[in-house]
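In what follows, a single structure is set out as structure tokens and then discussed.
The values are calculated or read from the model by the stated rules, or taken from the named source; none is laboratory data. Quick caveat: nothing in here was measured; it's all calculated off a predicted structure. All Cβ positions, glycine included, derive from the backbone under ideal geometry; neighbour counts span all protein chains shown. Accessible surface is based on the protein model in full, side chains and every heavy atom, while ligands, DNA and RNA are left aside. Shrake-Rupley method; radii C 1.70, N 1.55, O 1.52, S 1.80 Å.
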Amino acid sequence: MINNHDFKWRFLHPRYWLTWLSLGCWRLLVILPYPVLLWLGGCIGRIMFWRSRYRREVADINLRWCFPEMEESQRQKLLRDNFISYGIAFFEIGMAWWWPTQRLNKLITIEGLENIEGLQGRGALLMAIHFTTLEVGASALSARHSIDGMYRPHKNPVYDYVQSKGRRVRDPLGVVYPREDIRGMFKALRQGRIIWYAPDQDYGRKQSVFARFFGVPAATVTATARFAKTGNALVLPFSQVRLPDGQGYRIVVHPPLQDFPTGDDLADAEMVNRQVEKMILEQPDQYMWIHRRFKTRPPGESRPYPKSSNK
């Protein structure tokens with residue numbers, strides 16, 4: 001808990017004034033009408049596409065590995081559309097943190113709430129993936145049902161504070177767990193809480209197995225099965241996509257995975273990746289392809305990505 005004295009000296013120090021100014025400008029911008037935010041986000045995305053050479057190369061490699069049969073022109077269009085989604089996501093994060101619930105709800109359609117109601121007090125992992133729309137999806141659902149979350153703390157403490165507060169604004173009872181707080185998550189699951197959790201990124205060789213991801217061996221965490229087993233929890237796939245022509249967002253809570261976990265780490269990881277693939281294919285241009293999903297390789301294989309001084 002941060003008291004007023006700690007807040008003043010930790011967060012109002014001159015070194016954070018530029019951060020506060022940037023956050024203030026960001027918050028003012030998201031007041032604009034939604035169609036304007038989509039247009040501005042598209043402009044930002046196009047600039048990112050031309051200026052972020054390294055991330056563009058990473059995304060391009062991921063798309064080539066995952067969709068080798070795709071024609072070059074189609075893949076390049078998908079790549080450009082993907083960066084437009086990143087630009088729009090800049091405003092969607094602000095919408096999720098700062099828009100009034102009534103305004104956000106006008107853009108939201110939620111399907112599958114009966115799958116949450118069917119838990120009847122049992123804990124569950126809300127298995128999400130890293131769509132660019134993830135903040136909107138989690139925020140909109142938390143306005144209807146209390147959920148906890150899992151995240152990686154930001155290095156800038158001011159941004160981390162605002163991020164944590166923004167993610168709990170529609171659900172004051174929700175808890176945001178640092179990724180390392182495994183014990184806290186187990187306890188919450190046993191108590192019947194629902195935890196937002198995304199297992200679709202490469203977290204290294206430790207506690208991972210090489211399961212197929214669009215046919216390519218990829219380091220896949222085994223934690224999904226471990227959480228489900230130790231926390232006596234069900235796993236509900238969860239997806240959200242931005243609809244075309246400014247129609248808003250469709251959020252879906254899918255039925256729980258059946259016969260999961262199996263007790264076989266590889267089989268469980270394969271099952272998770274099949275669900276991830278299925279959700280990606282709903283809207284591939286909105287997936288976070290700039291993540292180096294194949295950076296950890298099986299023995300004897302080299303990384304596919306170019307070197308960067310920042311990586």
Ignoring solvent entirely, what values of log10 I(q)/I(0) come out of the Debye formula for the chain at 0.08, 0.09 Å⁻¹ when each Cα is a single scatterer? -0.37, -0.48
Find the relative contact order for the chain and round it to a whole percent, using C-alpha pairs within less than 8 Å whose residues are 6+ positions apart. 23
In whole Hz, with x marking every Gly and Pro, tabulate ³J(HN,Hα) for the stretch 191-197 from phi via Karplus 6.51 cos²θ - 1.76 cosθ + 1.60, θ = phi - 60°. 8, x, 7, 9, 10, 5, 8
Rounded accessible area per residue of the chain, 1.4 Å, Å²: 51
Once ligands and nucleic acids are excluded and a 1.4 Å probe is used, how much of LEU12 is accessible, expressed in Å² to the nearest 10? 80
Using 1/(1 + (r/R0)^6) with R0 = 41 angstrom and r between the beta carbons of THR230 and GLU72, what's the FRET efficiency to the nearest 0.05? 0.35
Provide LYS295, LYS155 ordered by accessible surface of protein heavy atoms (probe 1.4 Å), highest first. LYS155, LYS295
For the chain, modelled as a Gaussian network with Cα springs under 10 Å, which listed residue fluctuates most, LEU141, LEU107, LEU21? LEU21
GNM result for the chain, Cα springs below 10 Å: residue of GLY246, GLY42, GLY231 fluctuating most strongly: GLY246
In the chain, carbon and sulfur make up what percent of the accessible area (probe 1.4 Å)? 55
Dividing the helical contributions, -39500 (n - 2.57) per DSSP H run of n ≥ 4, by the residues of the chain yields a 222 nm value, nearest 500 deg cm²/dmol, of -14000 deg cm²/dmol
Pairs from LYS165/LYS206; LYS206/LYS229; LYS155/LYS206; LYS278/LYS307; LYS106/LYS155 whose Cα-Cα separation, in the structure shown, is over 25 Å: LYS165/LYS206; LYS278/LYS307; LYS106/LYS155
Under a Gaussian network model of the chain whose springs join Cα atoms within less than 10 Å, the largest fluctuation of PRO237, PRO299, PRO256 belongs to PRO299
Using the beta-carbon distance between LEU119 and ARG51 and R0 = 45 Å, what value does 1/(1 + (r/R0)^6) give for FRET efficiency, to the nearest 0.05? 0.50
Relative contact order, percent, of the stretch 1-158 when contacts are C-alpha pairs under 8 Å separated by at least 6 residues? 29
Go through 58-69, 76-87 and give me the packing order, highest mean Cβ count within 10 Å leading. 76-87, 58-69
Where in the chain are the helices, taken as whole DSSP H runs, whose Cα atoms extend 24 angstrom or more along the long axis and whose Kyte-Doolittle mean reaches at least -0.5? 34-51, 72-98
